[in-house]
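I have a structure I would like to understand better, so I am pasting it below and will then ask my questions one at a time.
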Amino acid sequence: SGEKRVISGKIEFFKDQVQMLHPDHIVELKKANEIQTVEAIYPLTTGLTFKPLIKAIKGTLEILPELNEWQDSAWLNKNAWPSWRKALLQVHNPKEISELLPNAPARERLAYDELLADQLALSIVRLSEKRKVGRSVGPKGTLLRNAISSFPYKLTNSQENALEEILIDMKKPIRMLRMLQGDVGSGKTIVAFLAMLRAVENGTQAALMVPTEILARQHFQTILTPSEKLGVKVAILTGQEKRKSRDRVLQDLKNGAISIVIGTHALFQKDVIFNDLALTVVDEQHRFGVHQRLMLADKGSAADMLVMTATPIPRTLMLCAYSDLDSSRLLEKPKNRKPVETRVVPLSKIDQVIERLKQALKGDAQVFWVCPLIEESELINLAAATSREDDLKQHFPAQVGLIHGQMKSAEKQRVMKSFLERRIKILVSTTVIEVGVDIPHANIMVIEHAERFGLSQIHQLRGRVGRGQTSSACLLL
């Protein structure tokens with residue numbers, strides 16, 4: 001009592017009184033210079049507070065080594081960049097606000113290090129993968145030609161060009177590493193299917209790996225009918241298959257009876273052995289790590305690899321981020337597809353949205369309603385799929401279904417089948433329906449708390465509608 005202290009923290013006002021509820025620092029006058037005028041702020045998570053994190057970071061900075069310089073000295077001098085160690089110390093202990101700007105020398109230095117290391121690593125991967133001797137999978141038989149002529153539609157120019165690039169790569173005696181990038185609904189699956197048929201008509205096998213079980217089953221249904229007409233045996237393998245069914249698939253993959261297999265992460269497990277895997281296709285490749293992709297490819301002898309993504313990537317960024325891959329792009333959608341009208345609507349107008357849906361459902365509309373959580377959380381006040389389902393059932397009796405990742409496989413399939421057959425009109429879900437789900441007559445997408453989703457997620461979710469020939473809408477609440 002009576003002594004003086006210097007305190008530092010967030011100043012607030014309460015009934016015109018200045019107060020500081022939680023000071024960050026309380027020090028004696030002689031130690032006032034220990035309080036930094038500019039402090040680094042770090043993101044926290046549940047259970048982690050600021051002081052122990054700061055203590056850990058300070059302890060780490062004290063034992064940072066002085067690494068040998070790997071940047072060109074003339075380049076360092078030109079940019080006036082500090083050494084790696086000094087740069088790290090500066091960004092964690094800024095003296096001025098200007099030192100926090102993206103173009104501050106210390107931050108620029110570290111960002112450049114990171115980008116250069118990334119590019120060098122990708123270059124090493126590219127060299128090591130490209131040097132691997134592949135196998136020439138050229139035109140043998142008429143399977144591919146018969147499939148194209150059997151389709152009730154003509155391939156788009158982009159599909160024809162992408163397929164040609166893939167087939168040329170497959171014919172080369174070096175291993176194919178190619179990315180197929182195309183917007184949602186541009187027909188990537190058909191291109192991949194035709195590439196897999198090229199492998200099959202050469203007496204080899206092909207595998208298609210996807211991130212979710214729902215997507216695996218959908219691809220399986222899409223490919224099954226044309227495959228049966230062509231006499232090609234297709235199977236599905238996910239973590240949900242029953243023991244007998246799984247054992248039969250594993251046996252048929254090993255003896256070569258199955259030509260094409262579609263599955264999830266279950267495909268690269270140790271007990272999955274192929275007779276002769278020549279082509280691996282990975283859909284929504286950003287959901288898998290590089291090692292996961294290669295684990296599947298390594299189940300074949302120098303198997304070619306095709307990875308697919310619907311996330312829009314500018315060509316310059318694609319060359320930087322995926323320099324280990326050649327690229328093909330689908331730049332057009334099948335004819336008669338109409339653009340999806342996208343609107344941002346405040347959550348306060350949710351009652352109006354429900355009234356509009358009542359009018360839409362009197363017609364032939366079907367609705368996806370996506371929520372960020374499965375169940376109500378005390379910590380996060382967000383719409384939950386379960387409570388939203390209950391609420392919508394009050395307005396639309398016997399017309400609402402629910403699907404999420406924690407449901408059992410059979411239940412998910414039952415709900416999706418009901419939606420596909422139009423027995424339910426509104427499907428409430430989490431992002432489990434984000435990729436690949438193809439319900440052509442669904443034409444309204446409502447994304448609740450859209451601010452909680454990333455840009456590529458919103459893009460993917462919006463791509464679930466507008467796949468038929470009716471006008472479609474996407475509402476971002």
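The values are calculated or read from the model by the stated rules, or taken from the named source; none is laboratory data. Here the structure is a predicted model, which means the values were calculated and not measured. Virtual Cβ from ideal backbone geometry, glycine too; neighbours counted across all protein chains shown. The accessibility values were calculated without ligands, DNA or RNA, using every heavy atom of the protein model including side chains. Shrake-Rupley method; radii C 1.70, N 1.55, O 1.52, S 1.80 Å.
Provide, as a two-decimal number, the C-alpha radius of gyration of the range 385-477 over 2.2 N^0.38 Å, N being how many residues it has. Kindly include the intermediate steps, with their values, before the conclusion.
Values: Rg = 12.7 Å, N = 93, 2.2 N^0.38 = 12.3 Å.
That works out to 1.04 for the range 385-477.
Same structure again: Place a +1 charge on the Cβ of each Lys and Arg in the range 21-63 and a -1 charge on the Cβ of each Asp and Glu, then give the dipole magnitude about the Cα centre in debye, rounded to the nearest 20. Show your work: numbers first, answer last.
Values: 5 positive and 5 negative charges, 18 e Å.
That gives the range 21-63 a dipole magnitude of about 80 debye.
Using the charge dipole of the range 1-146 (Lys, Arg: +1 at Cβ; Asp, Glu: -1 at Cβ; taken about the Cα centre), state which of Q71, G59, P82 has its Cα farthest towards the positive end.
Q71
Could you tell me how many degrees, from 0 to 90 and to the nearest 10, lie between the Cα long axis of helix 157-171 and the main elongation axis, the longest principal axis, of the Cα atoms of the chain?
90
Continuing with the same structure: Apply the Karplus curve 6.51 cos²θ - 1.76 cosθ + 1.60, θ = phi - 60°, to the phi angles in the range 341-346 and return the couplings in whole Hz, x for Gly and Pro.
For the range 341-346, the Karplus curve yields 6, 10, 9, 9, 10, x Hz.
Helix 243-255 versus the longest principal axis of the chain: what is the Cα-based angle in degrees, 0 to 90, to the nearest 10?
Roughly 70 degrees, rounded to the nearest 10.
Would you list which lysines come within 27 Å of K393, measuring only between C-alpha atoms, while excluding same-chain residues fewer than 8 positions from it?
Filter leaves K349, K358, K362, K408, K412, K417, K425.
Now for a different question. What fraction of the Cα pairs in the chain, stated in percent, has a spacing above 43 angstrom?
Values: 37934 of 113526 pairs.
When every Cα pair of the chain is considered, 33 percent fall beyond 43 Å.
List the residues whose amide H sits under 5 Å from the amide H of I262, counting only those 5 or more places along or on another chain, with H placed 1.01 Å from N in the peptide plane.
Here the answer is L208, A235, I236, L237, since their amide H atoms fall under 5 Å of that of I262.
Restricting to DSSP loop positions (anything but H, G, I, E, B) with no more than 12 other Cβ atoms inside 10 Å of their own Cβ, which chymotrypsin sites (Phe, Trp or Tyr not before Pro) remain in the range 48-93? Spell out each step's value before the answer.
Numbers: sites: F50, W70, W75, W84; in loops: W70.
Taking the range 48-93 and a limit of 12 other Cβ atoms within 10 Å, the loop chymotrypsin sites (Phe, Trp or Tyr not before Pro) found are W70.
Turning to a different aspect of this structure: With a 10 Å radius around each residue's Cβ, average the other Cβ atoms per peptide and rank 386-392, 188-194, highest first. Present the calculation step by step, with values, prior to reporting the outcome.
Numbers: 386-392: 17.4, 188-194: 23.6.
In decreasing order of mean packing, 386-392, 188-194 become 188-194, 386-392.
Still on this model: Can you give me the solvent accessible area of I260 with a 1.4 Å probe, rounded to the nearest 10 Å²?
For I260, solvent-accessible area is about 0 Å².
Enter the angle in degrees (range 0 to 90, nearest 10) between the Cα long axis of helix 105-130 and the first principal axis of the Cα atoms of the chain, meaning the one along which they spread out most.
On a 0 to 90 degree scale, this one is about 20.
Which of rounded, prolate, oblate describes the range 213-270, given a ≥ b ≥ c as roots of the alpha-carbon gyration tensor eigenvalues and a/c under 1.5 marking rounded, otherwise prolate only if a/b is larger than b/c? All intermediate terms of the calculation are to be shown ahead of the outcome.
Values: a/c = 2.01, a/b = 1.21, b/c = 1.66.
Verdict is oblate for the range 213-270.
Largest first, please: the extent of the C-alpha atoms of the range 53-131 along each principal axis, to the nearest Å.
Dimensions of the range 53-131 along the principal axes of its Cα atoms: 49, 31, 22 Å.
For q values of 0.09, 0.11, 0.19 Å⁻¹, compute log₁₀ I(q)/I(0) with the Debye formula on a Cα-only model of the range 146-283, without solvent.
Normalising to I(0) and taking log10 leaves -0.26, -0.38, -1.19.
Filter the trypsin sites (Lys or Arg not before Pro) in the range 60-97 down to the DSSP loop ones having no more than 16 other Cβ atoms within 10 Å, then list what survives. Mind dumping the intermediate values first?
Numbers: sites: K78, R85, K86, K95; in loops: K95.
Those that pass, being in a loop and sparsely packed, are K95.
Next question. Largest first and in whole Å, what are the equivalent-ellipsoid semi-axes of the range 1-110 based on the Cα gyration tensor, each being the root of 5 times an eigenvalue? Before the final figure, lay out the partial values.
Details: eigenvalues 239, 49, 44 Å².
Each semi-axis is √(5λ); the values are 35, 16, 15 Å.
When the Cα atoms of the range 52-188 are enclosed in a convex hull and the volume is divided per residue, what value in Å³ results?
Per residue, the Cα convex hull of the range 52-188 comes to 236 Å³.
Next question. Would you please classify the overall shape of the range 17-79 from the alpha carbon gyration tensor, given that a ≥ b ≥ c denote the square roots of the eigenvalues, rounded means a/c under 1.5, and beyond that prolate means a/b larger than b/c while oblate covers the rest?
Values: a/c = 2.51, a/b = 1.95, b/c = 1.29.
Prolate.
For K140, which lysines qualify as cross-link partners when the Cα separation must be under 22 Å and same-chain residues fewer than eight apart are set aside?
K171, K172, K229, K233
Sticking with this structure for a sec: Which far-off residues, 5 or more places away or on another chain, put their amide H under 5 Å from the one on S328, with H placed in the peptide plane?
Those lying under 5 Å, H to H, from S328 are M179, L180, Q181.
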